[in-house]
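Undergrad: I'd like to ask you about the structure that follows.
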Amino acid sequence: MLILVTGGAGSGKSLLAERISMQLKRMPFWYVATMQVWDQECRDRIDRHRRQRAGKGFQTVEAPVHLAEAAAALPPDGTALLECLSNLVANEQFGGDTGAPVQAVLDGVHALYRNVRHLVIVTNEVFSDGTPADPAMQAYLQNLGNINCALGAEADVVAECCAGLPVIWKGESLYHEIMAGIFADRTFHV
Amino acid sequence: MKLILGGYANGRTAYAMQNYQLTESDCFDAAAEPLARWNGQRLILHAEQLVNPWLEQGKEPCTEILPWLERWQNAVLITQEVGCGLVPVTPQQRQLREAVGHFNRLLAECAETVERVCCGLGMQLK
């Protein structure tokens, strides 16, 4: 099953994505981390998320770029939590070696999804602050927006997190099945 | 009139075209052409871009739009949500952001249906 979780900064989307992943009950749990570590602020943020995940059974895989290669190294089955698309797009657009960041990210996501049973993806709601004047930022938003739309169309469940509360854009009954612990695991891969 | 709103790059135009069986030839881009050139097109893009020119001319956008809303009773309007960032630096930008918020509220009030689009998916608000 493919699940997309979006939301603003500090909205609780990471926690929601973790809860969904764990409720799917398909071990092992892989946490696919995408952050490039630049400075202390990055390290603090990573520490905070690691503490949040501690004891929940996630094994961390680092994939700031070249997600497809990291995905290929995983044994099949299990549940992967990919956090987050806004990092991946930035890494591919500004630091990667590809001229096609949208395709690179989608290829990576698809490679990961082929290798696991369930994939929960965290993305970011950064689109409601007007159109940025800077062309690079405009391209970045367009890239992330295109990826969100492509994955929104493919996903079985799309949830937006608002002040810790889920707003379900797609797959409402499936979402409630999962969270109520009555989800019958089945194949969703197309 | 039907209103579709959402943030930048969220797939609003594709959503409108798909759900209302519209094509490129049905589009009128309010950001690219003066309103006087509107010729019956059923899909109005970038409604929020109407606000700034009116403000610059010292006109009230929520008044200026009214006769057009009369004409657009069978149209689908797309507007952008712009109010969820930090407070802009200049007074002009602050005034514009606020005015777009008021403008979108008026559009939503006049619309029969309002849909918000996120990740290419729609949710009916009204």
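The values are calculated or read from the model by the stated rules, or taken from the named source; none is laboratory data. Keep in mind the model is a prediction, meaning the values are calculated, not measured. Here Cβ is always computed from backbone atoms with ideal geometry, including for glycine, and neighbour counts include all displayed protein chains. We work out accessible area using only protein heavy atoms, side chains counted, and drop any ligands, DNA or RNA first. Shrake-Rupley method; radii C 1.70, N 1.55, O 1.52, S 1.80 Å.
Undergrad: Would you list the helices (runs of 4 or more DSSP H) that sit entirely within the stretch A:1-98 and hold 1 or more residues that are out of contact with any Gly (no Cβ under 6 Å at 6 or more places or on another chain), in contact (Cβ under 8 Å) with a residue 24 or more places away in the chain and of a type in the set (Lys, Arg)?
TA: A:13-23, A:40-53
Undergrad: A follow-up question, please. Residue under question is A:ALA153, and the condition is that it be in a helix (DSSP H, G or I), in contact (Cβ under 8 Å) with a residue 12 or more places away in the chain and either surrounded by fewer than 20 Cβ atoms within 10 Å (Cβ to Cβ) or more than 10 Å from chain B (Cβ to nearest Cβ) (or both); does it hold?
TA: no
Undergrad: Filter the stretch B:70-126 down to the residues that are within 13 Å of chain A (Cβ to nearest Cβ) and charged (D, E, K, R) and list them by number.
TA: B:GLU81, B:ARG94, B:ARG97, B:GLU98, B:GLU115, B:ARG116
Undergrad: Let me ask something else. Could you check the stretch A:179-190 and list, in sequence order, the residues that are closer than 21 Å to A:LEU112 by Cα and either β-branched (Val, Ile, Thr) or modelled with pLDDT of 90 or more (or both)? Steps first, please.
TA: Our first condition is that a residue be closer than 21 Å to A:LEU112 by Cα; within the stretch A:179-190, this holds for A:185-190.
Result: A:THR187, A:VAL190.
Undergrad: Continuing with the same structure: Spot the failing condition for B:ALA9; the list is (1) within 13 Å of another protein chain (Cβ to nearest Cβ); (2) without any contact (Cβ under 8 Å) to a residue 24 or more places away in the chain; (3) within 13 Å of the chain's Cα centre (by Cα), and only one is missed.
TA: (3)
Undergrad: What pairs come out if I take residues in the stretch B:49-62 that are within 20 Å of B:LEU5 (Cβ to Cβ) and free of Cβ contacts under 8 Å to residues at least 24 places away in the same chain and pair them with residues that are in a helix (DSSP H, G or I) and of a type in the set (Asp, Glu) whose C-beta lies under 8 Å away, six or more apart or interchain?
TA: Taking only residues 6 or more apart or on different chains, the pairs are B:TRP54/B:GLU64.
Undergrad: Continuing with the same structure: Kindly indicate whether any position in the stretch A:55-72 is at positive phi and within 14 Å of chain B (Cβ to nearest Cβ).
TA: Going residue by residue through the stretch A:55-72, those that are at positive phi are A:55, A:57, A:66.
Next cut, within 14 Å of chain B (Cβ to nearest Cβ) only: none.
Checked the stretch A:55-72: no residue is at positive phi and within 14 Å of chain B (Cβ to nearest Cβ).
Undergrad: What's the number of the only condition in (1) closer than 27 Å to A:ARG26 by Cα; (2) within 16 Å of the chain's Cα centre (by Cα); (3) in a helix (DSSP H, G or I) that A:GLU177 fails to meet?
TA: Of the numbered conditions (1) closer than 27 Å to A:ARG26 by Cα; (2) within 16 Å of the chain's Cα centre (by Cα); (3) in a helix (DSSP H, G or I), the odd one out for A:GLU177 is (2).
Undergrad: If I ask for residues that are open to solvent by 10 Å² or more (accessible area, probe 1.4 Å) and either away from chain B (no Cβ under 14 Å) or not acidic (Asp, Glu) (or both), which ones from the stretch A:110-125 would you list?
TA: Across the stretch A:110-125, the qualifying residues are A:HIS110, A:ALA111, A:TYR113, A:ARG114, A:ASN115, A:ARG117, A:ASN124.
Undergrad: Suppose we keep only residues that are of a type outside the set (A, V, I, L, M) and open to solvent by 60 Å² or more (accessible area, probe 1.4 Å) within the stretch A:53-76. Which one would you say is farthest from A:VAL37 (Cα to Cα)?
TA: So in the stretch A:53-76, the residues of a type outside the set (A, V, I, L, M) come out as A:53, A:55-60, A:62, A:64, A:66, A:69, A:75-76.
Those still in the list that are open to solvent by 60 Å² or more (accessible area, probe 1.4 Å) too: A:55, A:59-60, A:62, A:66, A:69, A:75-76.
Numbers: A:GLY55: 23, A:GLN59: 19, A:THR60: 15, A:GLU62: 11, A:HIS66: 16, A:GLU69: 19, A:PRO75: 26, A:PRO76: 28 Å.
Once the filter is applied, the top-ranked residue is A:PRO76.
Undergrad: I need the full set of residues from the stretch A:99-125 which are part of a loop (DSSP other than H, G, I, E, B) and under 21 Å from A:VAL37 (Cα atoms), in order please.
TA: A:THR123, A:ASN124
Undergrad: Restricting the first residue to the stretch A:167-190 and requiring it to be without any contact (Cβ under 8 Å) to a residue 60 or more places away in the chain and closer than 20 Å to A:GLY152 by Cβ, which pairs with a second residue that is open to solvent by 40 Å² or more (accessible area, probe 1.4 Å) and of a type in the set (A, V, I, L, M) meet a Cβ separation below 7 Å and a spacing of at least six or different chains?
TA: A:TRP169/B:MET123
Undergrad: Continuing with this model, one more query. Could you list, in sequence order, the residues of the stretch A:99-109 that are within 14 Å of A:GLU154 (Cα to Cα) and either in contact (Cβ under 8 Å) with a residue 60 or more places away in the chain or surrounded by 17 or more Cβ atoms within 10 Å (Cβ to Cβ) (or both)?
TA: Correct list: A:LEU106, A:VAL109.
Undergrad: Please go through the stretch A:126-143 and pick out each residue that is open to solvent by 30 Å² or more (accessible area, probe 1.4 Å) and either within 18 Å of A:ALA159 (Cα to Cα) or within 14 Å of the chain's Cα centre (by Cα) (or both).
TA: Matches in the stretch A:126-143: A:VAL126 only.
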